[in-house]
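First up is the structure itself, then whatever we jot down about it.
Taken together, the values in this text are just the output of simple stated rules run on the coordinates, not laboratory data. The shown structure was predicted, so the numbers you read here are calculated from the model rather than taken from an experiment. Positions of Cβ are backbone-derived with ideal geometry, glycine not excepted, and every protein chain shown enters the neighbour counts.
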Amino acid sequence: MAPDAPRVAFVTLGCKVNRAESEAVLGELLGAGWEVAVRAADADVVIINTCTVTAEADHKVRKAVHRALRECAGPVVVTGCAAVIGGPQFAALDPRVVVECDKTRLAVVTAEAAATGPDHREPSGGMASHATSPATSH
């Protein structure tokens, strides 16, 4: 593990599909030289893979985004159904939030966000956000 390798933390909310997608993106990032940060505070980017099936799920998403913004100085990438439904609201929270609705672009968007710093905003099927290490919550 290189001391200067970028670090990502994930927060995965919701179903098994979200967990599988987060693991796939993590695999891409690890293959590109990223390291996993267990805590958002230790990450360069936090990725939050969201669910918004219930009011409780919506609450967990908002809480996760606010916590990541508090703990991580870098970008926070928001993806998943909450990003699709409420992307503009998440993007308005902080310039570090990157909303990305196209999960196939998460690894690329995460790397771009990390490279360009906390003010990265580049819509691609949505807006941009940042990433973290896969932690699952229901």
(request) Using a cut-off of 15 Å between beta-carbons, work out the net charge of the residues near V53 (Lys and Arg +1, Asp and Glu -1, V53 not included). (result) +2
(request) Evaluate E = 1/(1 + (r/R0)^6) for R62 and T104, where r is the Cβ-Cβ distance and R0 equals 35 Å; express this FRET efficiency to the nearest 0.05. (result) 0.90
(message) Could you tell me the center-to-center distance, by alpha carbons, between segment 53-78 and segment 1-46 in angstrom?
(response) 15 Å
(request) Any chance you could run the full-extension gain for T54 through A32? It's 0.36 nm times the residue separation minus the Cα-Cα distance, nm to one decimal. (result) 4.4 nm
(message) Between T116 and A73, what is the label-point separation in nm under the 7 Å Cα-to-beta-carbon projection?
(response) 2.1 nm
